[in-house]
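The values are calculated or read from the model by the stated rules, or taken from the named source; none is laboratory data. Nothing here was measured: the structure is a model prediction, and the numbers come from that model. Positions of Cβ are generated from backbone atoms using ideal geometry, with glycine treated the same way; all protein chains shown enter the neighbour counts.
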Amino acid sequence: MVAYENKGFRFLPKSLILFTLKIFDRLSLFLVQLKIHPNYVSLAGLLAGLLVGLFYGLHYPVWALVFLLVSGMMDILDGKVATNGNRKTRFGAIFDSSLDRYSEFAMYLGLGFYFRHHWILWVLALAFLGSTMVSYTKARAEGLGFQCQLGIMQRAERLVLLI
């Protein structure tokens, strides 16, 4: 059940998004059959995100990249497992979003440590600010009753940018 609705500009091509969603839809159905709770998938994503930051900080960028991909996969899978397993809850949505912010912070912190003596540290600081503001603006707009379906830099695009 691949659903994709483009309500704004995306950096990634639609065909790539649809192909990826199809693969993750099948994988999520497998996890549902195994009775894996979506919050466990979210926690696995957090662990992967923390490892990204750790490996960047320890100057192991290849391992950081591996866990960055795992973190991105878990971010896609947790929502799909919740949807396909009929386990979508408001708590789960908040839990997932909160863990995603911690994960992103760890990634940027590790990158900041990696580039601590380089001018690119300032670019990372601006990227972290932008990443945080995307999430905050969406949450604030929805809290005020606006529909905020899609922005310029969704988490998938931000992960690609980190790679």
Notebook entry, point to check: Can you pull out the residues in the range 5-47 that are at pLDDT below 95 and either outside any helix (DSSP H, G or I) or of a type in the set (Phe, Trp, Tyr) (or both)?
Noted result: Glu5, Asn6, Lys7, Gly8, Phe9, Arg10, Phe11, Leu12, Pro13, Phe19, Phe24
Check: Do we have any residue at all in the range 56-66 that's surrounded by 16 or more Cβ atoms within 10 Å (Cβ to Cβ), more than 23 Å from Ser135 (Cα to Cα), in contact with a Phe, Trp or Tyr (Cβ under 9 Å, 6 or more places away or on another chain) and not aliphatic (A, V, I, L, M)?
Finding: yes
Item checked: Filtered residue count, the range 96-119, keeping only those that are in contact (Cβ under 8 Å) with a residue 40 or more places away in the chain and either touching a helix residue (DSSP H, G or I) at 6+ places or on another chain (Cβ under 6 Å) or surrounded by fewer than 16 Cβ atoms within 10 Å (Cβ to Cβ) (or both) -> 14
Notebook entry, point to check: Quick one: which helices (runs of 4 or more DSSP H) sit completely within the range 48-153 and have at least 2 residues that are in contact with a Pro (Cβ under 8 Å, 6 or more places away or on another chain) and under 21 Å from Thr20 (Cβ atoms)?
Noted result: 61-84
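Identify all residues within the range 45-55 that are more than 10 Å from Ser103 (Cα to Cα) and surrounded by 19 or more Cβ atoms within 10 Å (Cβ to Cβ); write none if there are none.
Correct list: Phe55 only.
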